[in-house]
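All remarks here apply to the structure that follows.
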Amino acid sequence: MMAATLTRTLESLPALHAQLSVLSVELIMFAISLVYGARALAWGLASHPARSRVIARVQQDLAEAVGLSMSEGEAWIHYCELLFIGAQHLTGGLLFLPALLSVGPEHLRVPLVCVGALSEVAFDVYDTVKRTHQHLTAGGKPRGGLGFLLFILAHHQLSILFALPMNLHYASNPYFQHMTFNLMGAGGVAVFASSAAQTLDVSTRRGLWAMRALNMLLYTVMLYTRVIAYVPLSALLLHTFWRDGAWRLFALGAVGLTAMGLFNAIVMRSMHSRMLKFWQMQEASPPERTEPHPKSASVQNDDPNAIDQAASAGRATPVPDEIDSTDSDSVSSFDTAMVNDDDDVNAQALAGDELSDDTPGSAPDEQKWWLAQELPSSPPSSPAPTKCYDDRSRGLGQDAVAVAVPA
């Protein structure tokens with residue numbers, strides 16, 4: 001029964017009574033989807049990781065564009081409402097494709113055009129009533145000011161004034177079909193692209209480039225549909241009305257198309273500023289990497305020649321295995337200990353005393369050659385005493401280290 005009624009209604013389009021019936025059904029469906037569907041979606045996405053970021057951006061965008069302030073809850077519901085609005089715009093625009101491309105049953109092409117145009121009227125009527133009510137009564141304070149209300153009226157008046165008479169007389173006109181498809185399809189693309197962009201984290205390189213790509217796509221679509229194609233299509237439609245002597249439609253079209261052109265200019269200005277904003281935004285710098293402090297070159301225990309070379313060069317031999325694994329402060333402390341040893345150990349070395357094997361803390365047998373290192377022989381005429389430094393007194397480990405240094 002319902003299917004038969006729907007079929008008869010579609011076949012009756014574009015008759016005025018059939019249009020009013022379709023418009024009533026679409027208005028009820030759209031109001032229910034926005035009032036209850038958007039709130040259900042907001043509840044289902046309450047734990048979305050990007051929720052706080054989306055709310056902040058919705059609040060900022062509305063404040064900058066139209067001076068409208070919203071609480072966090074209102075901003076989140078508004079975001080979810082936009083998803084339903086985008087679906088409505090995109091679906092309504094797609095209904096024009098069979099007529100534009102001359103595909104599908106010919107007897108359904110014009111009725112689908114009428115249904116698509118009326119879906120835009122249903123949204124615009126609902127949104128105009130809602131925003132006007134909010135402006136006048138919500139909380140006893142205007143919402144967004146008079147400028148915001150005029151902005152809404154400029155956006156919605158074209159379909160409200162223009163759609164029904166165009167469906168009656170020019171539903172098969174290609175200029176009308178092309179323009180309506182452009183405006184509705186671009187609106188759907190804009191809503192979904194903006195909604196996706198608001199979830200991005202532009203503090204990351206990937207998020208910033210995704211934001212730039214979405215804004216470039218959005219700007220390109222808007223530039224074509226609201227400037228490049230809109231101006232000639234508007235002129236062709238007005239010329240058609242003038243040629244046919246449809247003076248009332250010419251008057252409505254002149255007012256409506258001009259107001260929509262002003263709205264398009266506002267939209268393009270906003271799109272341009274937004275695109276430049278993200279293209280001029282600097283990418284986040286990668287975290288600085290701290291280079292490890294270079295370790296001192298160590299002399300291996302099994303290389304006596306290296307010890308002799310270090311001694312003959314008059315430089316302190318770096319500590320082998322145990323000290324080499326410490327930080328730079330430990331190495332520096334060890335070097336200071338070698339140069340500033342106490343006088344008792346120096347005196348012992350100058351007197352020619354040798355460290356005995358039973359001295360506490362003496363080195364194992366395999367390392368005794370360290371304790372016996374001597375300088376190369378000096379000229380006979382001036383024998384040079386040899387200083388032997390024993391670092392056992394500094395408590396640097398179980399192995400005592402003695403380095404021969406020129407006196």
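Computed quantities for the displayed model
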{"read-out": "Subset of the stretch 73-97 [open to solvent by 30 Å² or more (accessible area, probe 1.4 Å) and either free of Cβ contacts under 8 Å to residues at least 60 places away in the same chain or more than 23 Å from Phe192 (Cβ to Cβ) (or both)]", "value": "Gly73, Glu74, Ile77, Phe84, Leu95"}
{"read-out": "Residues of the stretch 186-206 satisfying the condition of being outside any loop (DSSP other than H, G, I, E, B), of a type outside the set (Val, Ile, Thr) and open to solvent by 40 Å² or more (accessible area, probe 1.4 Å)", "value": "Phe192, Ala196, Arg205, Arg206"}
{"read-out": "Single residue of Leu252, Leu238, Leu218, Leu223 found to be modelled with pLDDT of 90 or more and either touching a Leu at 6+ places or on another chain (Cβ under 9 Å) or outside any helix (DSSP H, G or I) (or both)", "value": "Leu238"}
{"read-out": "Any hit, the stretch 19-26, residues being over 44 Å from the mean Cα position of the chain (by Cα) and surrounded by fewer than 16 Cβ atoms within 10 Å (Cβ to Cβ)", "value": "yes"}
{"read-out": "Criterion (β-branched (Val, Ile, Thr) and closer than 25 Å to Gln88 by Cβ) met by exactly one of Thr180, Thr240", "value": "Thr180"}
{"read-out": "Any hit, the stretch 78-92, residues being in a helix (DSSP H, G or I), at pLDDT 85 or above and farther than 20 Å from Asp127 by Cβ", "value": "no"}
{"read-out": "Number of positions in the stretch 35-72 that are open to solvent by 30 Å² or more (accessible area, probe 1.4 Å) and outside any helix (DSSP H, G or I)", "value": "9"}
{"read-out": "Tally of residues being open to solvent by 40 Å² or more (accessible area, probe 1.4 Å), under 13 Å from the mean Cα position of the chain (by Cα) and more than 21 Å from Gly93 (Cα to Cα) across the stretch 207-235", "value": "2"}
{"read-out": "Condition met for Leu249 (open to solvent by less than 80 Å² (accessible area, probe 1.4 Å), without any contact (Cβ under 8 Å) to a residue 24 or more places away in the chain, on the phi < 0 side of the Ramachandran plot and hydrophobic (A, V, I, L, M, F, W, C))", "value": "no"}
{"read-out": "Meets criteria (more than 30 Å from Gln282 (Cα to Cα), modelled with pLDDT under 90 and not polar (S, T, N, Q)) for Gly245", "value": "no"}
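For every residue, the table says whether it meets (1) modelled with pLDDT under 55; (2) in contact with a Lys or Arg (Cβ under 9 Å, 6 or more places away or on another chain); (3) more than 25 Å from Leu150 (Cβ to Cβ).
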position	(1), (2), (3)
Thr258	no, no, no
Arg274	no, no, no
Lys277	no, no, yes
Ala310	yes, no, yes
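The values are calculated or read from the model by the stated rules, or taken from the named source; none is laboratory data. Just so we're clear, the structure is a prediction, and the values are computed from it rather than from any experiment. So basically every Cβ, Gly included, is an ideal-geometry build from the backbone, and we count neighbours across all protein chains shown. For accessibility, only protein heavy atoms count, side chains too; no ligands or nucleic acids. Shrake-Rupley method; radii C 1.70, N 1.55, O 1.52, S 1.80 Å.
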